[in-house]
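Below: the structure, in structure tokens.
The values are calculated or read from the model by the stated rules, or taken from the named source; none is laboratory data. Predicted, not measured: the structure shown is a model, and the values here were computed from it. All Cβ positions, glycine included, derive from the backbone under ideal geometry; neighbour counts span all protein chains shown. Ligands, DNA and RNA are stripped out before the accessible areas are found, and what is left, the full protein with its side chains, is counted by its heavy atoms. Shrake-Rupley method; radii C 1.70, N 1.55, O 1.52, S 1.80 Å.
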Amino acid sequence: MADDKVMLGHGSGGTMMKRIIDEVFMGAYGNDALATGDDAAVLPVPADAGRLAFSTDSFVVTPHFFPGGDIGRLAVCGTVNDVATSGAVPVALSCGMILEEGFPMDDLRRICESMARAAEEAGVRIVTGDTKVVNRGHGDGVFINTSGVGVLREGVELGGAQCRPGDAVLVSGALGDHGITIMSQREGLGFTADIESDAAPLNHLIADVLAAAPATRCFRDPTRGGLASTLNELAAQAGADIAVEEAAVPVKPAVQGACEMLGYDVMQVANEGKMVCVVAPDQAEAALAAMHANPYGADAAIIGEVQQAPADRAPRVTLRTAFGSTRILDMLVGEQLPRIC
């Protein structure tokens, strides 16, 4: 492609749009479904698929490229993970690009190639899409919307309302990597230790856990608001308390140090490649072993349990600190780290 910058004509519906679709998008992640050029992708539904799971998300993170990933990888992984939390097998994604006039074409190619690699790793296809170009100064380079479809077999019923007192709470790895990476890049903070985003597709890890621990109650990815917000959402859905042991929560020393320096609670920092799992107590060790066997679950840990909530108050999440005291673990209030995904 001769154009080195995105121009308004690339969103016009004419020959320039056809060129960016053919040479950039199709060149990166083209497949037979996308190649039809139709307005809608037609997908076969497996005979054993009782239901479909569907999710959508938009990604506006800055900077667009950061250690461990970029906005394209984030878009694919985020939507794959959202679909997979239902217990479904993700099969297809859509991709809507909102590009700002003047955005470097090489950066767009780099983002699309990253999306292709992430989709291949997850085992999904990008089967339909859309492109819009806005005037210079009316965007921030690139925004991406991805929607995902997955197939869900009969008998799989996951969700926060399924949690029961006595259930174990697991997390698939160390917390806070993504949020601290984005903050350090955005603000130009020079940490001596390497910190990088944890953005990863976790659908295979989830499938492994479900196979090893069929009594899994739910999965939830602790993105915006971190572990604290996720656990509070689950407690409200279940009508139960959740108690967490701070010493059991995996956090890398560099991330913990950065949070202390910046005044952040690591429990409220965003993650993009971690999963919270609630499972029946007799299958907790099997679920943990399944996570440990997956490359993205090497640091997984059992961090707490679901408990009966007294009838005279609302459900809550508590954290037993390393000093032996107990504090309420609240949801994030306001914006701790804006535009982390």
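The single condition among (1) free of Cβ contacts under 8 Å to residues at least 12 places away in the same chain; (2) open to solvent by less than 10 Å² (accessible area, probe 1.4 Å) that residue 284 does not satisfy is (1).
When you check residue 69 against the structure, is it modelled with pLDDT under 95, more than 16 Å from residue 20 (Cα to Cα), open to solvent by 10 Å² or more (accessible area, probe 1.4 Å) and not aliphatic (A, V, I, L, M), yes or no? Walk me through it before giving the result.
Numbers: modelled with pLDDT under 95: no; more than 16 Å from residue 20 (Cα to Cα): yes; open to solvent by 10 Å² or more (accessible area, probe 1.4 Å): yes; not aliphatic (A, V, I, L, M): yes.
No: the conditions fail for residue 69.
Scanning region 9-21 for residues that are more than 16 Å from residue 96 (Cα to Cα), surrounded by 13 or more Cβ atoms within 10 Å (Cβ to Cβ) and not small (Gly, Ala, Ser) returns 16, 19.
Output the number of residues of region 22-55 satisfying the condition of being closer than 26 Å to residue 150 by Cβ and either over 26 Å from the mean Cα position of the chain (by Cα) or open to solvent by 60 Å² or more (accessible area, probe 1.4 Å) (or both).
First, the residues of region 22-55 that are closer than 26 Å to residue 150 by Cβ: 25-26, 28-55.
Applying the additional criterion that residues be either over 26 Å from the mean Cα position of the chain (by Cα) or open to solvent by 60 Å² or more (accessible area, probe 1.4 Å) (or both) yields 32, 35-40, 42-45, 47-48, 51-52, 54.
Selection size over region 22-55: 16.
When residues in region 173-223 are screened for being over 15 Å from residue 74 (Cβ atoms), among the basic types (Lys, Arg) and in a helix (DSSP H, G or I), 0 of them pass.
Of the listed requirements (1) on the phi > 0 side of the Ramachandran plot; (2) open to solvent by less than 40 Å² (accessible area, probe 1.4 Å), residue 137 misses just one: (2). Taken as a whole, the structure places residue 273 among residues that are open to solvent by less than 50 Å² (accessible area, probe 1.4 Å), in a loop (DSSP other than H, G, I, E, B) and farther than 15 Å from residue 160 by Cα.
Matching residues to (1) in contact (Cβ under 8 Å) with a residue 24 or more places away in the chain; (2) assigned to a strand (DSSP E or B):
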site: 87; (1), (2): yes, no
site: 96; (1), (2): yes, yes
site: 106; (1), (2): yes, no
site: 112; (1), (2): yes, no
site: 116; (1), (2): yes, no
site: 120; (1), (2): no, no
site: 128; (1), (2): yes, yes
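Which of the strands (runs of 3 or more DSSP E) contained wholly in region 288-334 include at least 3 residues that are open to solvent by 60 Å² or more (accessible area, probe 1.4 Å)?
Numbers: elements: 301-307, 317-320, 326-328.
It comes to 326-328.
If the condition is being surrounded by fewer than 19 Cβ atoms within 10 Å (Cβ to Cβ) and farther than 19 Å from residue 197 by Cα, then region 244-260 contributes 245, 247, 248.
Give me the residue from region 70-85 that is among the β-branched types (Val, Ile, Thr) and in a helix (DSSP H, G or I) and, out of that set, nearest to residue 160 (Cα to Cα).
Step one: filter region 70-85 for residues among the β-branched types (Val, Ile, Thr), giving 71, 76, 79-80, 83, 85.
Right, trim to in a helix (DSSP H, G or I) and you get 71, 76, 79-80, 83.
On the way: 71: 29, 76: 24, 79: 19, 80: 19, 83: 15 Å.
The selected residue is 83.
Among the numbered conditions (1) touching a strand residue (DSSP E or B) at 6+ places or on another chain (Cβ under 8 Å); (2) under 30 Å from residue 122 (Cβ atoms), the only one that residue 295 does not meet is (1).
Figure legend. Inter-residue proximity from region 31-43: first residues of a type in the set (A, V, I, L, M), second residues assigned to a helix (DSSP H, G or I), beta-carbon distance below 9 Å, spacing 6+ or different chains. Indicated pairs: 34/25; 34/26; 35/26; 41/33; 41/34; 42/33; 43/33. Give region 149-161 a look and list any residue that's part of a helix (DSSP H, G or I) and open to solvent by 20 Å² or more (accessible area, probe 1.4 Å), or say none. Passing the criteria: only 161. Before we move on, is residue 146 in a strand (DSSP E or B) and buried (at least 24 other Cβ atoms within 10 Å of the Cβ)? Here the answer is yes, as residue 146 does meet what is asked.
So in region 214-242, with the set limited to residues that are in contact with a Pro (Cβ under 8 Å, 6 or more places away or on another chain), farther than 14 Å from residue 304 by Cα and not hydroxyl-bearing (Ser, Thr, Tyr), which one is most open to solvent (accessible area, probe 1.4 Å)? Top of the filtered list is 236.
So, in region 178-227, how many residues would count as being of a type in the set (A, V, I, L, M, F, W, C) and closer than 14 Å to residue 258 by Cα? First the steps, then the outcome.
Here is the first cut: in region 178-227, the residues of a type in the set (A, V, I, L, M, F, W, C) are 180, 182-183, 189, 191, 193, 195, 199-200, 202, 205-207, 209-213, 215, 218-219, 227.
Checking the rest, the ones that are also closer than 14 Å to residue 258 by Cα come to 180, 182-183, 189, 191, 193, 195.
Within region 178-227, residues that are of a type in the set (A, V, I, L, M, F, W, C) and closer than 14 Å to residue 258 by Cα number 7.
Here residue 6 clears all of (1) closer than 26 Å to residue 88 by Cβ; (2) touching a residue at least 40 places away in the same chain (Cβ under 8 Å) except the condition numbered (1).
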